[in-house]
Amino acid sequence: MNSPDMNTIKSPVSAAPTPRVIVREAAAPRPRWQVWLIRPEVVTLVLLVVASIVATRLSPFFADLGFILESSTYYIEFAIVALVLTIVIISGEIDLSPAAQMALSACLFGTAFKAGAPIPVAMGVSLLSGLVMGAFNGVLVTVLRLPSIIVTIGTLILYRGLAQVLAGDKSISGFPGWFVGIDYRMVGIVPVPVLVFIAASILLGLFLGITIYGRQIYQIGTSEIAAIHAGIRVRRIKMGLFIASGLTSSIAGLMVASRLGSVRYDLATGGELTMVLIVMLGGTYIFGGRGSILGTFLAAWLLVIIATGMTVANIAINAQLTVMGLLLIVSIIATNAIYARSQR
Amino acid sequence: MSAISRLFRAREAGILVMLVLFVAVVSLIQPRFFSTETLRIVLLAVPLILVAAMGQMMVLVARHVDLSIGSILGFSAIAAGMIFRDHPEWPLYIGFAVGVLSGAALGFVNGLVVTLFKLPSIIVTLGTLSLYRGLLFILSGSKQIDPNDIPEPLIRMAQTSPIDIPWIVIIAFGVAFATWLFLTHSQIGRQIYAIGSNPTAAPLRGIRVMPVTILVFTLSGALAGLAGLIYAARFGYVNPGITGVGFEFTVIAAVVIGGVSINGGVGSVLGTVLGVLLLGSVQVALPILGVSGFWQNAIYGGIILIALVIDRTVRQGGLRGLLARGGA
């Protein structure tokens, strides 16, 4: 069946080498400015600028940098976890459980505090639980080799459920004054959580951009088999990423506990959507291998401006869900289209 | 072929054993669990999950996931409830049509976005989970459909029928039977398995992957819409902020326990029904055992993870195969 087909295709090529083939080989590389322009981060930056201009026209509040920074504290905790999630997604995996990890580690913190532990010890318990939860995800994915997308849905329910077992439907509060209100501590006009976010962005951006591990993570996400053959310790790196995700989630959980002054099992409910949304808006490729911390950093501010803009425009929080969902879908479609173009 | 069918049978037998063991153990601890009254409560608890689980099972068999069914359920329940409230003179079936069709429409959108742009369904439906929930808040004006707005005949469907088994139970098992017929005795049903088993090979065998996948998502949406009406019948109210929230996780738990593989191509109606019954029994047993209801989600999560590990073990040929191929 196949051989006659092959012959008919082959014969004209071997008979007369067409000039077309030569033209394709000599195709000029895309100009540098174009290569830069079709990077998804640039699209995020353009959107950020447009959103800022539109928002400033809408309400004079937006011209005030202090106002933006203040209203960003609600999203900044998610944005910090989204930085690590970016790296996880670049490595070709996904973690949908960070929001549940935030809730469980915060509830553990609250329970330990109620049991009489001093705050630093309770914080230690919380951070340790983040390590354990991340490691548990990591074991399921790297040792039992289950797909992370469904495993982390399972652990999402498990962690959130354990938080519910621990805290019931009551909220735990009564933390001492020095612990509460991290979002009101300022360095200049910058609230401390924002400072943490900026510092984490720089550190993780450098980690991903200039260290060997960072480059290896891109390699794993591009082709895991090739990475294994190149001697990259794929499972160890992925394990490390999941643990980092757990640890960061517990830090973010503590920041929420400090901001709210209380913890409940439903803390950060629906946060998985916000985190994935930030990463996708930042132009990280959902199938792995591409993306950057810079994109996620810009996307976090884009989200802050959009969300604050909607609140200023008196759109109810519930109705804002529509916009968030739509944004997520549009941003994956756009990112995919951009990568499809740049691959050509 | 016979080896494969034996494997299928083994899977379902395993779930049946788990179900029997669970009922036996709970009955030993608390003898009053083993009664027709308990059976009645379980049967009343499962229709909601069972109907949506049939849709989710087909989606999983086609190697996709639908996370948006909780929001679709809420949307359809609100849409139908608003018909009941604003037009009490209209016959009941119009409300049913609105519920099921709005669910189908939302499911169709899921399928279209997933297939048209070749995106991972889990992320797309995570987006529509939020999108549809927002739409339902806008549609309802954040107002609840009160118990006295739900028509009396609909409430009665959750209580009785001419043959003394509540209508919603009959509907749920009828849907399961229809799904079994569709999946095992129709060409499209078999094609769903082919797509899930090997998405690359399916188009080469002449299967039109895109329309079939869209159909699967549409069916999942329509069944979630039907579940929305069952919700209204059983609970007697619809609240935009409560109805269907987190429902997708319960359904995925039931389906995965039922032996449906998340890697596509594997799953049966019988297994899913058993999975739903097991989950329903757990739900009913917790208060009887004196375990706080707060444990429910943690148990569901644990069950999902155990089912995933078992699925992996079965595919790798036992525990040894699971741990032996270390490497990397």
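Please work out which residue is nearest to the other protein chains (Cβ to nearest Cβ), limiting yourself to segment B:136-158 and to residues that are open to solvent by less than 60 Å² (accessible area, probe 1.4 Å) and in a helix (DSSP H, G or I). Spell out the reasoning first.
Looking only at segment B:136-158, we keep the residues that are open to solvent by less than 60 Å² (accessible area, probe 1.4 Å), and these are B:136-137, B:140-141, B:145, B:149-151, B:154-155, B:157-158.
The next check asks that each one be in a helix (DSSP H, G or I); those that pass are B:136-137, B:140, B:149, B:154-155, B:157.
Details: B:Leu136: 9, B:Phe137: 4, B:Ser140: 10, B:Asp149: 21, B:Leu154: 26, B:Ile155: 27, B:Met157: 30 Å.
Here the answer is B:Phe137.
None of B:Val291, B:Val266, B:Val284 is open to solvent by 10 Å² or more (accessible area, probe 1.4 Å) and in contact with a Lys or Arg (Cβ under 9 Å, 6 or more places away or on another chain) except B:Val266.
Taking every residue in segment B:121-135 that is more than 7 Å from every other protein chain (Cβ to nearest Cβ) and pairing it with any residue that is β-branched (Val, Ile, Thr) and open to solvent by 10 Å² or more (accessible area, probe 1.4 Å), at least 6 positions away or on another chain, the pairs with Cβ-Cβ distances below 6 Å are B:Ser121/B:Val65.
Enumerate the helices (runs of 4 or more DSSP H) found wholly within segment B:159-236, keeping only those where 1 or more residues are surrounded by fewer than 17 Cβ atoms within 10 Å (Cβ to Cβ) and of a type in the set (D, E, K, R).
Working: elements: B:167-185, B:187-197, B:201-204, B:209-235.
Because the criterion is at least 1 residues that are surrounded by fewer than 17 Cβ atoms within 10 Å (Cβ to Cβ) and of a type in the set (D, E, K, R), the helices (runs of 4 or more DSSP H) in segment B:159-236 that meet it are B:187-197.
Name every residue in segment A:284-296 that is among the hydrophobic types (A, V, I, L, M, F, W, C) and either touching a Phe, Trp or Tyr at 6+ places or on another chain (Cβ under 8 Å) or under 13 Å from A:Arg39 (Cβ atoms) (or both), in order of residue number. Selection gives A:Leu294 alone.
Kindly indicate which of A:Ile286, A:Ile293 is modelled with pLDDT under 90 and of a type in the set (Val, Ile, Thr). Spell out how you get there, then give the answer.
Details: A:Ile293 fails: modelled with pLDDT under 90.
One residue alone meets the criteria, A:Ile286.
The helices (runs of 4 or more DSSP H) located wholly in segment B:14-132 that include 2 or more residues which are open to solvent by less than 10 Å² (accessible area, probe 1.4 Å) and of a type in the set (A, V, I, L, M, F, W, C) occupy B:36-61, B:69-86.
Pairs linking a residue in segment A:322-334 that is over 15 Å from B:Val114 (Cβ atoms) to a residue that is at pLDDT 90 or above and open to solvent by 40 Å² or more (accessible area, probe 1.4 Å), with Cβ atoms under 7 Å and 6 or more positions apart or on different chains, are A:Thr322/B:Leu135; A:Thr322/B:Ile138.
Does A:Ala340 satisfy the criteria of being without any contact (Cβ under 8 Å) to a residue 24 or more places away in the chain, of a type in the set (Gly, Ala, Ser), within 8 Å of chain B (Cβ to nearest Cβ) and assigned to a helix (DSSP H, G or I)? Answer is no for this residue.
Conditions tested, residue by residue: (1) within 14 Å of chain B (Cβ to nearest Cβ); (2) surrounded by fewer than 24 Cβ atoms within 10 Å (Cβ to Cβ).
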{"site": "A:Gly261", "(1), (2)": "no, yes"}
{"site": "A:Tyr265", "(1), (2)": "yes, no"}
{"site": "A:Thr269", "(1), (2)": "yes, yes"}
{"site": "A:Val279", "(1), (2)": "yes, no"}
{"site": "A:Ser292", "(1), (2)": "no, yes"}
{"site": "A:Phe297", "(1), (2)": "no, no"}
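Checking A:Gly188 against (1) open to solvent by less than 60 Å² (accessible area, probe 1.4 Å); (2) of a type outside the set (Val, Ile, Thr); (3) out of contact with any helix residue (DSSP H, G or I) (no Cβ under 9 Å at 6 or more places or on another chain), which single condition isn't satisfied? Among (1) open to solvent by less than 60 Å² (accessible area, probe 1.4 Å); (2) of a type outside the set (Val, Ile, Thr); (3) out of contact with any helix residue (DSSP H, G or I) (no Cβ under 9 Å at 6 or more places or on another chain), A:Gly188 violates only (1). Scanning segment A:143-154 for residues that are assigned to a helix (DSSP H, G or I), within 7 Å of another protein chain (Cβ to nearest Cβ) and either over 17 Å from the mean Cα position of the chain (by Cα) or at positive phi (or both) yields A:Ile150, A:Val151, A:Gly154.
Among the residues of segment A:137-169, those identified as of a type outside the set (S, T, N, Q), over 20 Å from A:Ala268 (Cα atoms) and in contact (Cβ under 8 Å) with a residue 40 or more places away in the chain are A:Gly138, A:Val139, A:Val141, A:Val143.
Go through the residues of segment A:307-324 one by one and say whether even a single one is under 16 Å from A:Thr86 (Cβ atoms), more than 9 Å from chain B (Cβ to nearest Cβ) and open to solvent by less than 20 Å² (accessible area, probe 1.4 Å). No, because not a single residue in segment A:307-324 is under 16 Å from A:Thr86 (Cβ atoms), more than 9 Å from chain B (Cβ to nearest Cβ) and open to solvent by less than 20 Å² (accessible area, probe 1.4 Å).
The values are calculated or read from the model by the stated rules, or taken from the named source; none is laboratory data. Being a predicted model, the structure only gives us computed values, none of them experimental. With ideal geometry, Cβ positions are generated from the backbone for all residues, glycine too; neighbour counts draw on all protein chains shown. The protein model used for the area step is the full one, side chains on, heavy atoms only, and it has no ligands, DNA or RNA in it. Shrake-Rupley method; radii C 1.70, N 1.55, O 1.52, S 1.80 Å.
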